[in-house]
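So the structure is just underneath, and the comments pick up after that.
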Amino acid sequence: MTALARPTHGRMIGGVCSALAKRFGTSARMMRVIFVVSCLLPGPQFLLYIALWVLLPSEDKARQAW
């Protein structure tokens, strides 16, 4: 597994789904579908997405930290 960081390329809005897909070894498209389907269920999915968007570093900043 790789470190959890938002990619600079291949992201749509914030890169959260792309980062999670890369981390868990699945496609970004599949992770986006899972997120959209999960939004049909009750819960704070959008708040979690926004929190991850704010908290996850971009790949550029993650590389500079190492």
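The values are calculated or read from the model by the stated rules, or taken from the named source; none is laboratory data. Just so it is clear, the model here is predicted, and its values are computed rather than measured. Because the Cβ atoms are built from the backbone with ideal geometry, glycine has one as well, and the counts that use them run over all protein chains shown. Heavy atoms of the whole protein, side chains included, go into the accessibility calculation; ligands, DNA and RNA do not. Shrake-Rupley method; radii C 1.70, N 1.55, O 1.52, S 1.80 Å.
Observations
- Within region 36-65, if we keep just the residues that are within 10 Å of the chain's Cα centre (by Cα) and either modelled with pLDDT of 95 or more or open to solvent by less than 60 Å² (accessible area, probe 1.4 Å) (or both), the residue that is nearest to P7 (Cα to Cα) turns out to be L56.
- If the condition is being assigned to a loop (DSSP other than H, G, I, E, B) and in contact with a helix residue (DSSP H, G or I) (Cβ under 8 Å, 6 or more places away or on another chain), then region 14-46 contributes G14, G15, S27, C39.
- Single unsatisfied condition, K22 versus (1) touching a residue at least 12 places away in the same chain (Cβ under 8 Å); (2) more than 14 Å from P57 (Cβ to Cβ): (2)
- Scan of region 16-29 for residues that are within 12 Å of the chain's Cα centre (by Cα) and either at pLDDT 95 or above or loosely packed, with under 11 Cβ neighbours inside 10 Å (or both), ordered by number: none
- In region 1-19, the residues that are of a type outside the set (S, T, N, Q) and more than 13 Å from L55 (Cβ to Cβ): M1, A3, P7, H9, G10, R11, M12, I13, C17
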